[in-house]
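Worksheet: the structure to be examined is printed underneath.
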Amino acid sequence: MSARHICPSQFAALDEQLPAAVSGIVFERAFGEHGDALTHIEPAKSYAVAACTAHPVHEHFRVRTFALALAAPPSAAQLPLLGELMYQSHASYSRVGLGSERTDMLVRLVREAGEGSGLYGAKITGGGSGGSVCIVGEASAAAEASLHRLLAQYRQATGVSPYVFEGSSMGALAFGTLHVELTRQTVKQ
């Protein structure tokens, strides 16, 4: 069973049994191989076991809740709920150690602007210790003005002008997908 098949209430009982962190050497002594040919365990490094285990459990629940909220008829509670789920997701991703200083800054600027700005939430997306930040907000002139102020603050603090993608597309539904599979090849000597 993978972590995403455990609901948060079930995980709460298990969470107390997990160590907050474990060193690579302790893991290797206890378990030997970890089953991922592309990942190397560094013996001296400390790995965040509890946070890394909790992230997919809670993220799966957040994603399902987000999808339900999007499918619901528009209401005054919808954008605040979507925004809070995004903030939770971003915080969880950062606790795992995958965030980046600049994406954290953008998310913080959106939170500081507050819901009164027309911006309701933000999170890292695109992954890979950086990537993009997705911001959810009203389709209004006020929200757009808030976004431009936030981008100006970011530009002033970092010297970087972020590229803004606005709206959404049909994505994979329109463009299709590509399945990539890694296979092992044995070299005969």
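Any read-out appearing in this document is the output of simple, stated calculations on the displayed coordinates, not a laboratory observation. For clarity, every value in this text was computed on a predicted model and none was experimentally measured. Here Cβ is always computed from backbone atoms with ideal geometry, including for glycine, and neighbour counts include all displayed protein chains.
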Fill in: Over the chain: helical MRE at 222 nm, DSSP H runs n ≥ 4 each giving -39500 (n - 2.57), nearest 500
-15500 deg cm²/dmol
Practice prompt. Report, in degrees rounded to the nearest 10, the 0 to 90 angle that the Cα long axis of helix 101-113 makes with the longest principal axis of the chain.
Written response: 40
Item to complete: Subtracting the Cα-Cα distance from 0.36 nm times the residue separation, let me have the gained length for F66 to E101 in nm, one decimal.
Response: 10.1 nm
Worksheet entry | Charge dipole magnitude, Cβ of K and R +1, D and E -1 - the stretch 1-138, Cα centre, debye nearest 20 | 120
Worksheet, complete the sentence: Rounded to the nearest 0.05, FRET efficiency between S75 and E181 (Cβ-Cβ, R0 45 Å) equals 0.60
Worksheet entry | Principal-axis tilt of helix 141-158 within the chain, Cα atoms, nearest 10 degrees | 50
Fill in: Top positive-direction residue, dipole computed over the chain with Cβ charges, set V110, A174, L68
A174
Item to complete: Answer with one residue from S132, Q78, A143: the one whose Cα lies farthest towards the positive end of the charge dipole of the stretch 72-162, charges on Cβ with Lys, Arg +1 and Asp, Glu -1.
Response: S132
Worksheet item: Computed FRET efficiency, Cβ-Cβ of A20 and T158, R0 30 Å: what is it to the nearest 0.05?
Response: 0.40
Worksheet item: Which entry in [x] 20.0, 67; [y] 15.7, 47; [z] 17.2, 53 matches Rg and Dmax of the Cα atoms in Å derived from the coordinates of this structure?
Response: [x]
Discussion item. Nothing charged except the Cβ atoms of Lys and Arg (+1) and of Asp and Glu (-1): what's the magnitude of the dipole of the stretch 1-51 about its Cα centre? Round to the nearest 20 debye.
Written reply: 40
